[in-house]
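Taking it in order: structure first as structure tokens, then the write-up.
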Amino acid sequence: MQPEEAPATVLLAGWGRATRTAADLVEPLTASGVEAAISDSGLRGVVARGMGRSYGDAALNAGGTVISTLRLDSLSDGGVVAGAGVSLRRLLAHLIPRGTTLPVLPGTAEVSVGGAIAADVHGKNHHVDGAFSEYVESFRLATPGGMINVSREREPQLFNATVGGMGLTGAIVDATLKTEAISSPFVSMDTDRVGDLESLMTLMSEGDERYKFSVAWIDCFARAASLGRGVLQRANYASELPEATLARGESQFERGPRLAPPDLVPTGALRPIAVSAFNEFRYRRSPSREREKLEAFPAFFHPLDVVADWNRLYGRAGFVQYQFVVPYGAEDVVRRVLDEQVRSPSYLAVLKQMGPSSGGMLSFPIEGWTLALDFPVAYEGLGEMLDRFDQWVAEVGGRVYLAKDSRMSSGLVEAMYPRLSEWREVAGGVDPEGVFRSDLSRRLRIKE
């Protein structure tokens, strides 16, 4: 066994690259190493970090300790028990040749198991299958008071405080996961090109229940009568495919990213005029109506993963991803946001429907509509615009996704997450001194 290494002070960033702070990074090899790192953490506390795919400051801890889980990479033969640092891509490469998959896949496979639980990630099938945590049987949680085996049955309150709890109840060491049998690593996909937001949402409302997966790309540069136009892709698992096709699909997750932008892309290199032209091209080249197209899992679930470090395309200043969810009946907020952002258009936008909450006290999903928008940090007035969006979302009982957030003020957190006081009580029981902290928790005063 390799010895545990001493911490090194490093500059860490969220995936959006707009937020960077320095911390002492520890990379333990074992569960006991994680416990030692917690015990040795100083006044600024500690938080765990997986693959760094939280867009903002959830896995940052300025002046404190950050525990990297990437060397906690054990994986059982069946793929059911995985270390917190195992990526979903590696897990899928292990599971798919065995005829199984993870029931919930987020928009990237470059997420760790621990991070997927801490953010209670969701996918294109939340309206049918719910969030990642609903397929977690148990996990080991390292806390200041020791290691706790957590499951819905054994520790229901702590389970629901940890899933979606952004790593603030303890450090997940490993987890036992449920899998789902599949007949092939392909989906049968239907595509519809839709000319405006109302038509798009109507089509989704009236037909999504027939599909396991549904996602709509929206052209945020379109305005007036074309506001919210987009391309809707819906799919179910494909079956009864030729052996050669099956073999091709099984190897998809073993290859990983095939392209990478340089780390020297200047801020502003990706300009609105170029994105607008690309969006027009994408919209026009998409089929107006296509049925039962065979699509491999990576192309459907994780299209951006083909480009390593695609976040560099926004330049050194980075970008903000703003994702919110509003309940059914508040569709006008989606329209208002899209109408307002036309002045500083989002470069990438995705609309989905969500089903009921998983029960996680700070889990993001609620039943309704979720819209994710990517904005370059360089946009003038971006902060003020997003502050207005926060107010609109909170007023109708919606919320902003903490795993994506990097700039919201603390004043709206309790309105958006009404179980926060309940979460604080449970978190205080396992971490009474508030050892687990992050830049996110301090900014939003989550533990206060």
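Each value in this text was obtained by applying a stated rule to the coordinates, not by laboratory testing. Note that the structure is a prediction, hence the values are computed from the model and not measured. For neighbour counting, all protein chains shown are included, and Cβ atoms are generated from backbone atoms with ideal geometry for every residue, glycine included.
Highest mobility in the GNM of the chain, judged by mean-square fluctuation with C-alpha springs under 10 Å and restricted to LEU420, LEU25, LEU270, is found for LEU270. Scaled to the globular estimate 2.2 N^0.38 Å, the Cα spread of the stretch 391-448, given as radius of gyration, is 1.15. Computed with the Debye formula from one identical point scatterer per Cα of the chain, without solvent, the log10 of I(q)/I(0) at q = 0.06, 0.07, 0.08, 0.13 Å⁻¹ comes to -0.24, -0.33, -0.43, -1.23. Once the Cα-Cα distance is subtracted from the 0.36 nm per residue extended length, the ARG285 to ARG20 segment shows a gain of 91.6 nm. Say a paramagnetic label sat at a point 7 Å from the Cα of GLU433, along Cα to Cβ; which residues of the stretch 4-41 have their backbone N under 17 Å from it? Within reach of a label on GLU433: 34-41. Rounded to the nearest 20 debye, the dipole magnitude of the stretch 294-447 is 300 debye, with +1 charges on Lys and Arg beta carbons, -1 on Asp and Glu beta carbons, and the Cα centre as origin.
Take the Cα of GLU395, step 7 Å toward its Cβ, do the same at GLU292, and the gap between the two points is 4.8 nm.
Given a Förster distance of 51 angstrom, what is the FRET efficiency for SER410 paired with ARG98, based on the Cβ-Cβ distance and rounded to 0.05?
That pair, SER410 with ARG98, gives E of 0.65.
Along the axis of the charge dipole computed for the chain (Cβ charges of +1 for Lys and Arg, -1 for Asp and Glu, origin at the Cα centre), the listed residues GLY315, ALA23, ALA8 are led at the positive end by GLY315.
For a protection proxy built on the mean count of beta-carbon atoms within 10 angstrom, sort 173-181, 108-116 highest first, please.
Numbers: 173-181: 18.2, 108-116: 26.4.
Highest-to-lowest ranking by the protection proxy: 108-116, 173-181.
As a proxy for reagent exposure, SER357, SER184, SER32 were ordered by neighbouring Cβ count within 10 angstrom, fewest first; the result is SER32, SER357, SER184.
For the stretch 186-409, the Cβ-based charge dipole about the Cα centre amounts to some 540 debye (Lys, Arg positive; Asp, Glu negative; other atoms uncharged). Size descriptors for the stretch 186-409, from the alpha-carbon set: Rg then Dmax equal 18.1, 55 Å. The charge dipole of the chain, taken about its Cα centre with unit charges on the Cβ atoms of Lys, Arg (+1), Asp and Glu (-1) only, comes to about 960 debye. Here the simple spin-label model places points 7 Å from the Cα toward Cβ, and for ALA181 and PHE278 these points are separated by 4.2 nm.
When the chain is treated as a Gaussian network with alpha carbon springs shorter than 10 Å, the biggest mean-square fluctuation among ILE67, ILE182, ILE38 belongs to ILE182.
Using a Förster distance of 22 angstrom, determine the FRET efficiency expected from the C-beta separation of ARG271 and ARG335, and round it to 0.05. Don't skip to the end; give the middle numbers.
Values: r = 26 Å, r/R0 = 1.20.
With R0 = 22 Å, the Cβ-Cβ based efficiency is 0.25.
For the ranges 318-328, 50-60, what's the packing order if you count other beta-carbon atoms within 10 Å of each residue, average per peptide, and put the highest first?
Numbers: 318-328: 23.0, 50-60: 25.9.
Most protected by this proxy first, the peptides run 50-60, 318-328.
Potential lengthening of the chain between VAL128 and ALA225 amounts to 31.8 nm, from the contour at 0.36 nm per residue minus the alpha-carbon distance.
Modelled this way, with points 7 Å down the Cα-to-C-beta line, the labels at ASP40 and GLU206 are 6.3 nm from one another.
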